[in-house]
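Q: Here you go, one structure.
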Amino acid sequence: MKLGKKTILLGTLLLLCSFSLGMVQTTQAKNPLNCTIDYTFVGHLGIVDAEGRLLAWIGTVSGVINGEINWWMNILDKKCPQVTHFAGDLWEILDFETGEPLLRGDEHGTTTIRHGKNSVWRSNGIVTEAYGDLAIWLGRNVHMSGHFEWIVPGFPGSGSGIMRIN
């Protein structure tokens, strides 16, 4: 079978286009996705998911992604010592307008409690669900950290931090 010049040219162009698109996605995924997060404590509302995790914090994400973020916590240390460990937690970022999920993941980490002062937290996890243009982040490592103020001793208020996906 003999191929015409137009067929070879069209095939070459299609191959180059698909290679270029693959390079763009790979290049985008090589740079970390960085966002700032602002959040407020809502654990006192007692909202629990099907796995028994408490909706502890809600907030906003801004930067590369803009949306609402929710943290569903599974607290391991119930006594509230100075350093609290958490694991098996779920975070999710939802589209502001539609409420549809953009990203979801799990996390584990620690909170250093300093009553009367800013308290700090750090977590690590994995993106377990990613949709649309964000699908390239599926399976990636997530690092979050931040601080929060106390309204009164034993009752956190609000804070801010960062989210980075590698």
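Q: Mind checking the full-extension length gain between Leu138 and Lys30? Use 0.36 nm per residue of separation minus the Cα-Cα distance, one decimal, nm.
A: Here the answer is 37.6 nm.
Q: By per-residue mean of other Cβ atoms within 10 Å, what is the highest-first order of 141-149, 49-57?
A: Answer by packing, highest mean first, reads 141-149, 49-57.
Bear in mind that the values in this text are calculations on the coordinates, not laboratory data. These numbers were taken from a predicted model, which means no experiment stands behind them. Cβ: placed from backbone, ideal geometry, glycine included. Neighbour counts: every protein chain shown.
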